[in-house]
Amino acid sequence: MNIINYIFSFLCSQDVSRSFVIDGHVLPFCQRCTGVYIGLGISFVYLLISGYYKKGLPPRSVIYVNIVSLLVMPVFGFHLFDPGPAWRLWSGLIFGNAIVFLLCPSVFVICNEGKAFGHNTKVSTFYFFLFFAFLSTIPLWFPLQSGFFYYGTIALALIGLLGVLLCIAAIIVFLIKKASVLFISKGFGNGFAKN
């Protein structure tokens, strides 16, 4: 687990006094970051399984909830209001969820040049709110004391980080591809035409 601790040391202060202990193991990130990474991981898995991200940008109600979720984080993140571990975990969960629900559909639309496959319906919006409610219950039963739960939490955190990195990589590849097409058509195209 030293590699995992090392990876997360760049992303979290790893304050042991503010970290969850699961089955005798201290998580390699604080309570708030635990929420962020679990929120990222669970949300990526949900979006991949449901295909929700392929439907384009979410409806306004989903966007508004996610923007509010992003705004909640600074209140807890800067310790303006800190009622304890469950609240730290919850603020991280909804923040991570918001990042994924705003990032994934946006990246998909950008990389597909504005095209979406399907559209959001009242049912898909209802499922988002149901999923959001599920995330909000996690602080009530977290952490379960088992080795499986510890390694599951680590796995979700890694899935969340890899998902964000994949989205960033997709945008970089898209921009490089667009820039090379533009460069070839403007730069080399004119040079070859003159010869």
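The values are calculated or read from the model by the stated rules, or taken from the named source; none is laboratory data. Keep in mind the model is a prediction, meaning the values are calculated, not measured. Every residue, glycine among them, receives a Cβ derived from its backbone with ideal geometry; neighbour counts consider all protein chains shown. For accessibility, only protein heavy atoms count, side chains too; no ligands or nucleic acids. Shrake-Rupley method; radii C 1.70, N 1.55, O 1.52, S 1.80 Å.
Annotation: residue 64 fulfils all but one of (1) hydroxyl-bearing (Ser, Thr, Tyr); (2) over 14 Å from the mean Cα position of the chain (by Cα); (3) farther than 28 Å from residue 174 by Cα; the unmet one is (3). Among the candidates 19, 13, 50, 43, the residue that is among the small types (Gly, Ala, Ser) and at pLDDT below 90 is uniquely 13. Whenever a residue of the range 1-23 is over 18 Å from residue 35 (Cβ atoms), its partners that are open to solvent by 100 Å² or more (accessible area, probe 1.4 Å) and polar (S, T, N, Q), lying with C-beta atoms within less than 6 angstrom and at least six residues away or across chains, give the pairs 23/145. Within the range 99-110, being crowded, with 16+ Cβ neighbours inside 10 Å and more than 20 Å from residue 160 (Cβ to Cβ) holds for one residue alone: 109.
Residue-wise test of (1) open to solvent by less than 40 Å² (accessible area, probe 1.4 Å); (2) of a type in the set (S, T, N, Q); (3) in contact with a strand residue (DSSP E or B) (Cβ under 6 Å, 6 or more places away or on another chain).
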| position | (1), (2), (3) |
| --- | --- |
| 88 | yes, no, no |
| 114 | no, no, no |
| 124 | yes, yes, no |
| 151 | no, no, no |
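Restricted to the range 37-48, and to residues there that are out of contact with any Ser or Thr (no Cβ under 7 Å at 6 or more places or on another chain) and either open to solvent by less than 20 Å² (accessible area, probe 1.4 Å) or among the basic types (Lys, Arg) (or both), the residue that is farthest from residue 131 (Cα to Cα) is 37. Let me spell it out: the conditions are (1) modelled with pLDDT of 95 or more; (2) open to solvent by 50 Å² or more (accessible area, probe 1.4 Å); (3) under 18 Å from residue 8 (Cα atoms), and residue 96 meets all of them except one. Which number is the exception? With (1) modelled with pLDDT of 95 or more; (2) open to solvent by 50 Å² or more (accessible area, probe 1.4 Å); (3) under 18 Å from residue 8 (Cα atoms) applied to residue 96, the lone miss is (2).
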